[in-house]
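Okay, structure first, notes after.
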Amino acid sequence: MNVLIINAGSSSLKYQLMDPETGVVSAKGLCERIGIDGRLNHNAHGEKVVKDIPMPTHSEAIAATLEILVDPVNGVIKSVDEIDAVGHRVLHGGMEFFDSCIINDEVIAAIEKCIPLGPLHNPANLMGIRACQAVMPTTPQVAVFDTAFHMTMPPKAYRYAIPTEYFKNDSLRRYGFHGTSHKYVAKRTAELVGKTAFKMVNCHLGNGSSMSAIKDGKCQDTTMGLTPLAGVPMGTRSGDIDAAVVQFICNKYGMNVDECLNMLNKKSGVLALSGNVSSDFRDLENGAKEGNADCALAREKFCYEVAKYVGAYAAAMNGIDVLTFTAGVGENDKGVRAAVCEYLGYLGVEIDPELNNCRGKEVKISTANSKVQVWIVPTNEELMIAQDTAELVKAAK
Ligand code: AMP
């Protein structure tokens with residue numbers, strides 16, 4: 001089976017052609033500068049092709065993608081008919097979507113209804129969906145939501161302690177993001193530990209970071225909120241702060257709320273803590289080694305906040321059995337993993353420094369004595385999208 005995975009942004013569109021059973025990716029690429037001029041970056045047969053192709057809208061980007069996929073030299077299929085289904089990544093499913101689903105007119109209307117919650121991403125995701133529908137009208141399309149995995153949270157986890165009307169009228173609540181990654185890691189971890197009933201905390205630590213408390217495969221709580229700004233400090237996002245900080249900054253520096261939020265999303269996090277050295281954890285590690293105290297503080301603060309949330313979720317679930325690390329930092333940065341686990345001795349977490357001395361591998365790094373299994377589980381959001389898509393399309397036949 002061939003599933004085309006589409007991740008449409010406002011001026012870009014990423015694609016992968018994947019076999020959901022094997023996870024093998026036969027081609028992948030990126031259409032960028034949509035609405036400006038247009039460039040296609042395509043990878044297949046171990047080679048990279050870059051072409052300037054006019055892309056006034058997402059429709060031309062999809063057309064260019066399909067054209068190169070069937071190209072006799074750079075392509076991997078003979079005809080577009082060999083694409084069995086399309087899986088679209090959609091940012092915000094609001095309170096409308098608890099799971100992935102086959103796209104029809106009602107689904108499109110419901111994704112539109114969620115635009116106020118995901119004003120930057122949902123319109124772009126819809127453009128990708130509509131462009132695919134136009135050129136592949138008979139191919140089934142599936143929407144996979146970044147928020148859906150978290151919809152099993154109980155009200156005590158997702159409600160904000162603010163007047164009820166904002167929840168009732170405007171659906172303001174904690175949603176959480178990176179759901180496809182958390183779902184993949186939860187599913188894969190169950191296979192790795194050989195059981196389905198257990199309590200885990202997944203640490204998705206990358207440029208954007210979020211953590212989830214997961215019991216028996218179902219999300220109980222997560223660090224991101226109405227938007228991806230909440231939770232632990234990230235590459236450039238502040239994570240949790242007192243909302244009154246916004247009022248103070250706006251009043252003192254003559255900013256409006258949008259400008260202030262832009263600063264909290266794009267100029268904060270470990271980038272800001274490091275004195276603007278970098279948002280990349282490798283640069284921070286090098287900076288710290290060279291004696292830059294701000295770079296050291298950025299990493300220290302990040303690990304401290306991650307460890308605090310593990311403790312909070314251990315309390316919420318009355319203990320944890322498994323702790324997992326995933327995404328760019330979680331998979332690659334042994335120093336971050338070691339520093340986080342160092343805080344968790346009281347839970348019986350013990351990692352083996354030699355096992356932890358690795359990058360990007362699916363491996364258990366806890367000792368035989370550790371009361372909590374600690375694993376690195378590289379995430380694979382595209383595989384999760386392809387699997388959800390294949391499952392739904394097969395069930396509908
Ligand atoms: P992601 O958002 O999951 O793609 O993660 C990207 C982030 O992972 C980068 O900004 C780096 O901070 C971090 N990262 C990637 N590779 C490494 C590495 N080898 N060591 C430490 N951090 C890394």
Using modelled amide H (1.01 Å from N, peptide plane; none on Pro or chain starts), what sits under 5 Å from the amide H of CYS101, excluding residues fewer than 5 places away? ALA143
Among the DSSP beta bridges whose two residues both lie in the chain, what percent are antiparallel, rounded to the nearest 5? 70 percent
Would you mind checking which residues have amide H under 5 Å from ASP221's amide H? H placed 1.01 Å from N; only 5 or more apart, or other chain. ALA213
Going through LYS308/LYS364; LYS113/LYS183; LYS156/LYS252 one by one, the pairs whose alpha carbons sit over 27 Å apart turn out to be LYS156/LYS252
If the cut-off is a Cα-Cα distance under 13 Å, which aspartates and glutamates reach LYS195, setting aside same-chain residues fewer than 8 apart in sequence? ASP216, ASP321
Can you run the Rg to Rh ratio on the range 195-352? Use alpha carbon positions and the Kirkwood inverse-distance Rh. 1.00
Between THR57 and LYS397, the FRET efficiency computed from the C-beta separation at R0 = 25 Å comes out, to the nearest 0.05, as 0.20
List the equivalent ellipsoid semi-axes of the range 51-137 in whole Å, largest first, each obtained as the square root of 5λ for an eigenvalue λ of the Cα gyration tensor. 27, 15, 10
Compactness of the range 180-259, expressed as Rg and Dmax over alpha-carbon positions, Å: 16.8, 56
Spacing of the two label points (7 Å from each Cα toward its C-beta) at ASN276 and THR367, in nm: 4.5 nm
Counting only Cα atoms, I'd like the Rg/Rh figure for the range 101-227, Kirkwood definition for Rh. 1.01
Spelling out what I want: for every residue of the range 209-225, take phi, set θ = phi - 60°, compute 6.51 cos²θ - 1.76 cosθ + 1.60 (Karplus), and round to whole Hz; glycine and proline get x. 10, 8, 10, 10, 8, 10, 10, 6, x, 10, 5, 9, 6, 8, 7, 6, x
Take every Cα-Cα distance within the range 1-145, group them into 5 Å bins from 0 onward, and report for each bin the whole-number percent of pairs it holds. 2, 11, 20, 23, 20, 14, 7, 3, 0
Lysines with Cα under 30 Å of LYS78, excluding same-chain neighbours fewer than 8 positions away: LYS14, LYS28, LYS48, LYS51, LYS394, LYS397
Between the modelled labels at GLU165 and TYR346 (7 Å from Cα along Cα→Cβ) the distance in nm is 4.2 nm
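Please report the net charge: other residues with Cβ closer than 15 Å to the Cβ of ASP84, K and R +1, D and E -1.
Here the charged neighbours net out to -3.
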Using the Kirkwood formula over every pair of different C-alpha atoms, what hydrodynamic radius in Å results for the range 149-215? 13.5 Å
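In whole Å and largest first, what semi-axes does the C-alpha gyration tensor of the range 1-84 yield when each eigenvalue is scaled by 5 and square-rooted? Before the final figure, lay out the partial values.
On the way: eigenvalues 86, 35, 25 Å².
Ellipsoid half-lengths, sorted descending, are 21, 13, 11 Å.
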Is the shape of the range 202-247 best called rounded, prolate or oblate, per the rule: a/c under 1.5 gives rounded, else a/b larger than b/c gives prolate, else oblate, with a ≥ b ≥ c the square roots of the Cα gyration tensor eigenvalues? oblate
With every atom except the alpha carbons ignored, what do you get for Rg and Dmax of the chain, in angstroms? 21.5, 62
Modelling each spin label as a point 7 Å along the Cα-to-Cβ direction, I'd like the ARG33/SER10 distance in nm, to one decimal. 1.9 nm
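None of the figures in this text is laboratory data; all of them are computed from the coordinates on show. Values in this document were obtained by computation on a predicted structure and should not be read as measured data. Every residue, glycine among them, receives a Cβ derived from its backbone with ideal geometry; neighbour counts consider all protein chains shown.
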